[in-house]
Amino acid sequence: MVRKLDNKAASIADLKGLTKKRIPQFAYEYLVGGCNNDRAVCHNRDALDNVFLQPSYLSRTQAASLKTTALGVQYDAPFGIAPLGLSGLIWPKAAKYHANAAKKANIPYILSTLASTSIEDAAACAGSNLWFQLYPPKDIEIRLDLMRRAQQVGCNNLVVTIDVPVAGRRPNDIKNGLSVPPKISANSIYQTLLRPSWAVANAFNGMPAFANMQPYMNKLSNLQDVANYIRSSLKEPVSIAILEQLRQQWPGKLIVKGVLSVEDAKLAAAINADAIIVSNHGGRQLDLAHSPVEMMREIVDSVGDKLEIYVDSGVESGVDIARYLALGAKMVFSGRPYMYGVGAFGERGADHCIDIFYSELEQVMNQLGCSTPHELVRFLK
């Protein structure tokens, strides 16, 4: 626990504010932005703010315990770290810091295919808390090798993201030159000079790279060649046929991420997925998407007896985690808040973000008179 940071940042909003002051504007806008007009990002916030819980003061039983079980494994809290592509852009070694923090706190950590840290390095930090998120490459051999590498380090949970059939259109990133490869401009150089600690950290650690894909790039060094390779190898949309193949090829637990309809939830259940993550990708892919808040109850009612249901998108506090749990989620994931932690305080910030979530959720549960996370559904009125 890093309670001594409370006087500097007592909330996720505080961490976000500190991060804005510590990293260049182009990196901050990449982190907080959605797509198109950011309507889906705002809608996630609005939808969560309209979920209220009703306390039961005279029928409480015992103090709250945040322990929960997901896919047969006990965790110390019902929340985890969502996959973050190129997290090294926000702060060097962010993925390793998150993996270490997840192991210490005993919560799940999902490593992205496009992370700046390799499966092997993440596993050395997270241990059995590591889950691996796969964007299935077109090349079957590469796809199988990524899964083999995950199995080899003891990862049992494969998370397949289905909601990126095309790249999201993000105007701020386009203007800031945050394409693949990045376009360096006078403005980006100026923004970097305004954030010397970020500049120094990157100078010591080097620019972030797609660590998991590097073994398949045949020693490509030119940024344009790397960009073309990533585009061509990971551009195929995930179909139900691909999910069926992955189900046959992966011996562990299969989690389908990006479900936002009852139809897709039923299809995931039909191919024997073990869990789904209801998500609109944090508002980064489809600006007119529903919030998961609006879809949770219908999805839970439709497939809740067939697989485990998790959720992400829009989480900014332990209160939000309580809201999603009350809507029927068994585990709540988020990405941006953990990046705010590292952006604000480096390695200590990863631990501090978890502490904030834990303290806020525990306080809400004790205030309501709720003993366990799965009982929060009783308080939704």
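One table, with the values for the structure above:
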quantity	calculated
Condition met for E316 (under 24 Å from N106 (Cα atoms), surrounded by fewer than 24 Cβ atoms within 10 Å (Cβ to Cβ) and over 15 Å from the mean Cα position of the chain (by Cα))	no
Condition check for V293: closer than 23 Å to V159 by Cβ, crowded, with 19+ Cβ neighbours inside 10 Å, among the β-branched types (V, I, T) and free of Cβ contacts under 8 Å to residues at least 40 places away in the same chain	no
Residue tally, condition of a type in the set (A, V, I, L, M), surrounded by 24 or more Cβ atoms within 10 Å (Cβ to Cβ) and either within 12 Å of R348 (Cβ to Cβ) or touching a Pro at 6+ places or on another chain (Cβ under 6 Å) (or both), over segment 86-101	1
Tally, over segment 325-368, of residues that are in contact with a helix residue (DSSP H, G or I) (Cβ under 9 Å, 6 or more places away or on another chain), surrounded by 19 or more Cβ atoms within 10 Å (Cβ to Cβ), not polar (S, T, N, Q) and not in a helix (DSSP H, G or I)	7
In segment 44-76, residue nearest to V311 (Cα to Cα) [restricted to those that are modelled with pLDDT of 95 or more and of a type in the set (K, R)]	R45
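The values are calculated or read from the model by the stated rules, or taken from the named source; none is laboratory data. Just so you know, these numbers come straight off a predicted model, no measurement behind them. For neighbour counting, all protein chains shown are included, and Cβ atoms are generated from backbone atoms with ideal geometry for every residue, glycine included.
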